[in-house]
Amino acid sequence: MGGELCAKLGTGLCKRFGKSWTKMERGLNDAVSKSFLGRYFKLEARKSCFTKELRAGLATFLTMAYIITVNATIIADSGGTCSVADCSVPANQTASPDCMLKPNAGYQSCLSRTKSDLIVATVLSAMIGSMAMGILANLPLGLAPGMGPNAYLAYNLVGFHGAGSMSYQTALAVVLVEGCVFLAISAFGLRAKLARLMPHSIRLASAAGIGLFIAFVGLQVHQGIGLVGPDTSTLVTVTACTSTNPETGECLGGKMRSPKFWLGSVGFLITSYGLMKEIKGSMMYGILFVTIVSWFRGTSVTYFPRTPEGDSNHKYFKKVVDFHKIQSTVGVFSFSEFNKSEVWIALATLFYVDVLATTGTLYTMAEIGGFVDEKGSFEGEYLAYIADAGSTIVGSVLGVSPIATYVESSAGIREGGRTGLTAVVVGLCFFTSLFFTPLLSSVPAWAIGPSLIMVGVMMMKVVKDINWQNMKEGVPAFITILLMPLTYSIANGIIGGIGLYIALGLYDFLAGLIQWLFKMRRMVVKEQNQVSATTIADPAIEII
């Protein structure tokens with residue numbers, strides 16, 4: 001690429017370098033294409049080459065790398081394996097459960113370790129999933145923990161700092177069981193059929209509702225930029241305050257004066273402008289800007305305040321390169337709560353969200369890449385479903401939410417990625433990031449918030465495909481979208497939308513049933529009249 005540019009710009013030495021570079025690149029591509037690697041990934045058959053696949057893999061990684069810190073931050077909000085026992089209390093005193101919801105040095109230290117564990121878990125699951133997709137299915141698709149399922153696990157199942165209906169350990173057991181079921185239906189070829197059972201309008205509305213839910217999380221103070229917060233009279237209100245109540249989160253003064261909010265807003269504008277101009281990696285640039293500014297100490301937006309916790313975080317941050325070993329999230333399953341109805345509702349909801357989201361995204365990416373044939377299938381489809389589902393099982397073992405195919409894979413496809421070599425490059429890029437845990441774990445919430453809001457923007461695109469003129473489709477779709485952020489539950493939105501769709505469909509069903517009964521009655525009466533007429537016309541029948 002550099003050689004081609006040089007060849008176009010000048011003559012002499014630069015031109016000779018350009019020709020030499022182009023010749024070297026062509027020789028490398030020819031050598032790789034004829035090697036075992038090239039034959040396995042079918043580079044020539046798919047009209048691709050090694051350098052093109054390399055650029056495609058880097059483009060895909062750059063656009064989806066934000067998930068490393070975003071996913072870890074979201075799941076860490078559940079508290080992970082941290083409990084009351086990790087809270088620091090004065091001597092001869094016992095910690096109360098509310099220490100997990102108030103500022104507490106011991107609990108915050110545990111959360112910091114958990115976030116580092118989850119960063120490594122996110123990277124490993126994305127690396128394994130992407131490489132499995134590339135090697136097994138030979139498709140240029142990147143995989144990582146899905147946005148939506150991670151929010152559902154953190155805020156609906158476990159709850160903020162463990163305030164939900166089940167423990168983190170039980171939630172991971174639910175993900176494990178869901179992954180096994182997901183793998184089974186993929187192996188038996190039932191995945192696409194199950195996805196079609198849900199009404200089309202509800203499927204689209206679920207994506208939009210999850211997007212709003214994620215954006216709402218990004219607007220809050222604990223998980224995002226802090227624009228909205230609680231209010232005693234209106235439930236939620238505009239905050240972005242200079243100071244808030246540490247227990248309730250209510251504004252104590254200085255609305256719209258929070259420096260962290262304004263810094264996060266600049267990051268959001270950077271991301272928005274980059275996406276508007278179709279600049280690759282735009283989701284990362286906003287996060288990088290806000291994060292780097294927040295790394296300077298002695299400012300009102302610093303991530304390392306002059307506190308014991310801030311000093312500890314800064315000490316770890318200065319290592320820059322470090323391999324962090326997962327300590328608390330691997331294999332911490334618990335099946336003790338599987339006798340509760342909430343667990344089975346969570347399993348069904350997570351399963352169906354996973355079926356809809358991952359199957360739809362995988363098929364869409366295959367269409368964008370031009371892999372889908374006239375019969376609606378594509379090469380490697382079966383193994384792609386297997387790799388996708390199997391990665392969820394791996395993710396649950398590591399401690400993260402279900403793994404999904406990422407729409408950001410389209411960035412690599414646009415760069416010319418046509419084989420699984422692109423996905424392998426994505427996996428290798430994730431592997432490299434394993435050694436920068438100190439930097440990745442020092443990304444503040446107000447840097448993550450803008451990206452969550454932008455994810456919501458992207459997921460709202462599907463509402464244009466809902467038939468709003470048809471009230472039977474429009475009303476359930478609207479209720480699905482509305483309930484997810486307002487009830488803080490993805491499950492409530494899906495259940496409400498499907499329930500209303502069934503209720504509205506009962507009229508047509510009953511009307512059709514009554515019409516069918518009247519039709520059957522007329523046919524029976526007609527048959528009876530024909531039998532009577534035949535009997536009267538043929539006296540022999542009476543003699544018999």
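Compute the relative contact order of region 422-538 as a whole-number percentage, counting only Cα pairs closer than 8 Å that sit 6 or more residues apart in sequence. Please list the in-between numbers first.
On the way: 39 pairs, mean separation 15.0, N = 117.
Relative contact order of region 422-538: 13 percent.
Leaving ligands, DNA and RNA out of it, rank PHE430, PHE188, PHE333 by accessible area with a 1.4 Å probe, largest first. Present the calculation step by step, with values, prior to reporting the outcome.
On the way: PHE430 0, PHE188 160, PHE333 60 Å².
So the residues, ranked largest to smallest area, are PHE188, PHE333, PHE430.
Answer rounded, prolate or oblate for region 233-347, using the Cα gyration tensor with square roots of eigenvalues a ≥ b ≥ c: rounded when a/c is under 1.5, else prolate when a/b is larger than b/c, else oblate. Let's see the in-between values first.
Details: a/c = 1.43, a/b = 1.25, b/c = 1.14.
Rounded, because the longest to shortest axis ratio a/c is under 1.5.
With unit charges on the beta carbon (Lys/Arg positive, Asp/Glu negative), name the residue among TYR285, TYR352, SER336 whose Cα is farthest towards the positive pole of the charge dipole of region 278-362.
TYR285
For a test of the definition: using alpha carbon positions, the gyration tensor, and the 1.5 limit on a/c, classify region 41-176 as rounded, prolate or oblate. Numbers along the way, then the final one.
Values: a/c = 3.91, a/b = 2.83, b/c = 1.38.
Cα axes put region 41-176 in the prolate bin.
Mind checking Rg over Rh on region 266-326, alpha carbons, Kirkwood formula for Rh? Mind showing how you got there, number by number?
On the way: Rg = 14.8 Å, Rh = 13.3 Å.
We get a ratio of 1.11 for region 266-326.
Quick check on packing: order 83-91, 149-157 by the mean number of other C-beta atoms within 10 Å, highest mean leading. Intermediate results must be reported in sequence, preceding the final value.
Details: 83-91: 13.6, 149-157: 26.3.
The most tightly packed comes first, giving 149-157, 83-91.
From the Cα gyration tensor of region 363-418, with a ≥ b ≥ c the square roots of its eigenvalues, which class applies: rounded if a/c is under 1.5, or else prolate if a/b is larger than b/c, or else oblate?
Numbers: a/c = 3.16, a/b = 1.65, b/c = 1.92.
In terms of gyration-tensor shape, oblate.
With all protein chains present, calculate the accessible area of ASP508 using a 1.4 Å probe and round the result to the nearest 10 Å².
80
Under 29 Å Cα-Cα from LYS472, which lysines qualify once same-chain neighbours fewer than 8 residues away are excluded?
Result set, ordered by chain and number: LYS193, LYS461, LYS464, LYS519.
Could you work out the Rg to Rh ratio of region 358-482, with Rh taken as the Kirkwood radius (inverse of the mean 1/r over all Cα pairs)? Write down the numbers at each step before the final one.
Values: Rg = 18.0 Å, Rh = 17.7 Å.
Here Rg/Rh amounts to 1.02.
For region 60-119, list log₁₀ I(q)/I(0) at each q in 0.17, 0.23, 0.26, 0.28 Å⁻¹, using the Debye formula over Cα point scatterers of equal strength and ignoring solvent, two decimals each.
With one equal scatterer per Cα and no solvent, log10 I(q)/I(0) is -0.58, -0.86, -1.00, -1.10.
Please work out the Kirkwood hydrodynamic radius for region 449-497, using every pair of different C-alpha atoms, and report it in angstroms with one decimal place. Before the final figure, lay out the partial values.
Values: mean 1/r = 0.0861 Å⁻¹.
Computed over Cα pairs of region 449-497, the Kirkwood hydrodynamic radius comes out at 11.6 Å.
Subtract the Cα-Cα distance of ASP30 and ALA45 from 0.36 nm times their separation in residues, and report this length gain in nm to one decimal. Can you show the working numbers first?
Working: separation 15, 0.36 × 15 = 5.40 nm, distance 1.31 nm.
Extending this stretch completely gives an extra 4.1 nm.
If HIS324, HIS222 are ordered by their accessible area, calculated over protein heavy atoms with a 1.4 Å probe, which sequence runs from highest to lowest? Don't skip to the answer; put the middle values down first.
On the way: HIS324 25, HIS222 100 Å².
Final ranking, largest accessible area leading: HIS222, HIS324.
Can you give me the distance in nm between label points at ASP373 and ASN470, each placed 7 Å from the Cα along the Cα-to-Cβ direction?
Calculated label separation equals 3.1 nm.
What 222 nm value per residue comes from the helices of the chain, counting each DSSP H run with n ≥ 4 as -39,500 (n - 2.57) and dividing by all residues, nearest 500 deg cm²/dmol? Provide the component values of the computation, followed by the final result.
Working: 21 runs with 329 residues, N = 544.
Value at 222 nm, helices only, nearest 500: -20000 deg cm²/dmol.
If you wrap a convex hull around the Cα atoms of the chain, how much volume per residue is inside, in Å³?
Numbers: hull volume 131.4 nm³, N = 544.
With only Cα atoms used, the chain gives 242 Å³ per residue.
In the full protein assembly as shown, how much of TRP446 is accessible to a 1.4 Å probe, in Å² to the nearest 10?
30
Rg and Dmax in Å for region 99-225, alpha carbons only: what are they?
Reported Rg and Dmax, both Å: 17.4, 50.
Mind ordering 431-437, 170-176, 267-273 by average Cβ neighbours within 10 Å, highest first?
Working: 431-437: 17.3, 170-176: 25.4, 267-273: 19.0.
Per-residue Cβ counts within 10 Å, averaged per peptide and sorted highest first, yield 170-176, 267-273, 431-437.
Full extension from VAL181 to VAL332: what is 0.36 nm times the residue separation minus their Cα-Cα distance, to one decimal in nm?
Working: separation 151, 0.36 × 151 = 54.36 nm, distance 1.95 nm.
Here the answer is 52.4 nm.
Normalising by the residue count of the chain, find the relative contact order in percent from Cα pairs under 8 Å and 6+ residues apart. Walk me through the intermediate numbers first.
Numbers: 959 pairs, mean separation 149.0, N = 544.
Once normalised by length, the contact order is 27 percent.
Once amide H atoms are placed 1.01 Å from N in the peptide plane, what residues at a sequence separation of 5 or more from ASP322, or on another chain, have their amide H within under 5 Å of its amide H?
For ASP322, the qualifying residues are PHE436, THR437.
The values are calculated or read from the model by the stated rules, or taken from the named source; none is laboratory data. These figures come from a predicted structure and were not determined experimentally. In this analysis, Cβ positions are derived from the backbone assuming ideal geometry, glycine residues included, and neighbour counts consider all displayed protein chains. Heavy atoms of the whole protein, side chains included, go into the accessibility calculation; ligands, DNA and RNA do not. Shrake-Rupley method; radii C 1.70, N 1.55, O 1.52, S 1.80 Å.
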